[in-house]
1. If you count only protein heavy atoms and use a 1.4 Å probe, how large is the accessible surface of residue 49, to the nearest 10 Å²?
2. Just order 58-65, 12-19, 90-97 by mean Cβ neighbour count inside 10 Å, highest at the front, would you?
3. Output the direction-averaged projected area (hull surface divided by four) of the convex hull of the alpha-carbon atoms of the chain, in nm².
4. Give the accessible surface of region 6-80 per residue, rounded to a whole number of Å², with probe radius 1.4 Å and ligands, DNA and RNA excluded.
5. With all protein chains present, calculate the accessible area of residue 8 using a 1.4 Å probe and round the result to the nearest 10 Å².
6. Just grab the label-to-label distance for residue 23 and residue 42, each label 7 Å out from Cα along the Cβ direction, in nm (one decimal).
7. Counting only protein heavy atoms, what percent of the accessible surface of the chain is carbon or sulfur at a 1.4 Å probe?
8. Once fully extended, how much extra length lies between residue 98 and residue 60, figured as 0.36 nm per residue of separation less the alpha-carbon to alpha-carbon distance?
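The values are calculated or read from the model by the stated rules, or taken from the named source; none is laboratory data. Please read these numbers as outputs of a predicted model, since none were measured by experiment. Using ideal geometry, Cβ is built from the backbone for each residue, glycine included, and neighbour counts are taken over all protein chains shown. These area figures cover heavy atoms from the full protein model, side chains too; ligands, DNA and RNA do not enter into them. Shrake-Rupley method; radii C 1.70, N 1.55, O 1.52, S 1.80 Å.
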Amino acid sequence: MSPLAQILIAGIGTYLIRISFIALAGRIGEIPPRVDTMLSMIPPAVLASITANSLFFEGDEWRGPDEWHIAIVVVGLISWRTNNVVLCLFVGMPTLWALAAVG
C-alpha cells in the first residue's frame, strides 16, 4: 500500500472517530465533569509521549545528551513559570536553532 493511501486511510479513520464522538456527545447531552477532566488530559499526555520518544530515541538508537535536551529544559522552565505556549514557541525554537548552530 502506498504512503499516500495510508495517510488518507488514517485521516479518514481519525475523522470518523472524532465525528462519532461529537454525534455521541450530542445524544448524551452534558458531559459529566469527571469525563470532561479526563478528556482534557489526553492532548497533553499525547504531546508528552511524542516529545519524550523523540527526545530519548533517534530511530532505534538511544539518543545521548544534545541541544534538544537543553532546549526542552528551557521550554519546560518557561512553561512552568508563565503557562504561555506562544512564549514557549518563540523562545524554544530559537534556543534549539542557536544550540544546533553552535554544535
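1. My reading of the accessible area for residue 49 is about 70 Å².
2. Order by mean packing, descending: 90-97, 12-19, 58-65.
3. About 10.2 nm², averaged over all directions.
4. 83
5. It works out to around 100 Å².
6. Going from the residue 23 label point to the residue 42 one covers 1.7 nm.
7. 72
8. 11.0 nm
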